[in-house]
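Notes follow once the structure below has been shown.
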Amino acid sequence: MIHQDTEFVMTLQRLLEFVGTFAFAVSGIRLAALKHYDWFGGFVCGFAVAIGGGTIRDVMLDVTPFWMTSPVYIICTLIAQTAVILFSRLIPRLTRVWLISDTLGLALFTIAGIQKTLALGHPMWVAIVMGTLTGSAGGVIRDVLLNNEPLIFRKEIYAMACVVGGLVYWALLTLHVPNYFTVIASFAVVCLIRYLAIRYRISLPTLRGEAE
């Protein structure tokens, strides 16, 4: 039973990382397209946002970065770029689609980061930090490459959605809720918080300088 549960978690983790890679790659390549980057520049931007957070997480956890274990993540980014190229004329009309892809990537990578950290034997509070890092660091790298102010530093709720999703994961894990339900619930919480924050313009308080 323990072996089967471990195998299920590993399979789910790979699936989450694959889908998250595609979702984040699409969001990065789309923004690169809006700035008229060439195909190579778009690929670099998409790949950086897709693997950035997970790479930082794995380096901090002292394991081989996930994308170096299989070429599937590079292939996934190429598929994402192909999709953006084919539907480039629809980009202005697909704002909601790109927003959804970014939110999905955020939620999926947050959960993948939490699960991988726990599988390596680290405590839950470390897993939440790593989950948040996995979900949000790629976006910071993307914004730096595109010369934009990182979304994580703005008023808009982004990384905090990862933190709350991690806390829900922790609570359900403590209550011994089945793993599949824990994943679904945490995923839904991250997505819901992002949706509500954007829909109703909910934001965190901003710091004020002395001159203000």
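Exactly one residue out of Gly41, Gly52 is within 17 Å of Asn147 (Cα to Cα), without any contact (Cβ under 8 Å) to a residue 12 or more places away in the chain and not β-branched (Val, Ile, Thr): that is Gly41. If you check Thr134 against the conditions, is it part of a helix (DSSP H, G or I) and among the hydroxyl-bearing types (Ser, Thr, Tyr)? For Thr134, the condition - part of a helix (DSSP H, G or I) and among the hydroxyl-bearing types (Ser, Thr, Tyr) - is met. In this structure, Leu94 does not satisfy being modelled with pLDDT under 95, exposed (fewer than 13 other Cβ atoms within 10 Å of the Cβ) and aliphatic (A, V, I, L, M). Filtering region 97-119 to residues that are at pLDDT 90 or above and among the hydroxyl-bearing types (Ser, Thr, Tyr) leaves Thr110, Thr117.
Among the residues of region 140-153, are any among the basic types (Lys, Arg), at pLDDT below 95, within 22 Å of Thr21 (Cα to Cα) and out of contact with any Ser or Thr (no Cβ under 7 Å at 6 or more places or on another chain)? Taking every residue of region 140-153 in turn, at least one turns out to be among the basic types (Lys, Arg), at pLDDT below 95, within 22 Å of Thr21 (Cα to Cα) and out of contact with any Ser or Thr (no Cβ under 7 Å at 6 or more places or on another chain). The sole residue among Ala80, Ala107 that is closer than 24 Å to Phe187 by Cα and under 14 Å from the mean Cα position of the chain (by Cα) is Ala107. Residues in region 179-205 that are out of contact with any helix residue (DSSP H, G or I) (no Cβ under 9 Å at 6 or more places or on another chain) and either of a type in the set (Gly, Ala, Ser) or over 11 Å from Ile111 (Cβ atoms) (or both): Leu196, Arg199, Tyr200, Arg201, Pro205. State yes or no: is Leu31 buried (at least 17 other Cβ atoms within 10 Å of the Cβ), of a type in the set (A, V, I, L, M) and closer than 26 Å to Ala127 by Cα? It is false that Leu31 is buried (at least 17 other Cβ atoms within 10 Å of the Cβ), of a type in the set (A, V, I, L, M) and closer than 26 Å to Ala127 by Cα.
Is it true that some residue in region 147-157 is over 26 Å from Ala25 (Cα atoms), surrounded by fewer than 19 Cβ atoms within 10 Å (Cβ to Cβ) and of a type outside the set (Asp, Glu)? The answer is no, given that none of the residues of region 147-157 is over 26 Å from Ala25 (Cα atoms), surrounded by fewer than 19 Cβ atoms within 10 Å (Cβ to Cβ) and of a type outside the set (Asp, Glu). For beta carbons closer than 9 Å, sequence separation of 6+ or different chains, a first residue in region 122-134 that is under 15 Å from Val63 (Cα atoms) and a second that is among the basic types (Lys, Arg) and in a helix (DSSP H, G or I), the qualifying pairs are Ala127/Lys116; Met130/Arg57; Met130/Lys116; Thr134/Arg57; Thr134/Lys116. Among the residues of region 18-29, is any part of a helix (DSSP H, G or I), over 16 Å from Ser101 (Cα atoms) and more than 13 Å from the chain's Cα centre (by Cα)? There is no residue in region 18-29 that is part of a helix (DSSP H, G or I), over 16 Å from Ser101 (Cα atoms) and more than 13 Å from the chain's Cα centre (by Cα). Which residues, taken from region 48-62, are at pLDDT 95 or above, hydrophobic (A, V, I, L, M, F, W, C) and out of contact with any Lys or Arg (no Cβ under 8 Å at 6 or more places or on another chain)? The answer is Ile56, Val59, Met60. I need the full set of residues from region 177-208 which are over 20 Å from Leu151 (Cα atoms) and either of a type in the set (Asp, Glu) or part of a loop (DSSP other than H, G, I, E, B) (or both), in order please. Across region 177-208, the qualifying residues are Val177, Pro178.
The values are calculated or read from the model by the stated rules, or taken from the named source; none is laboratory data. In this text the structure is predicted, and so the values were computed from the model without any measurement. FYI the Cβ positions are ideal-geometry reconstructions off the backbone, even for glycines, and counts take in every protein chain you see.
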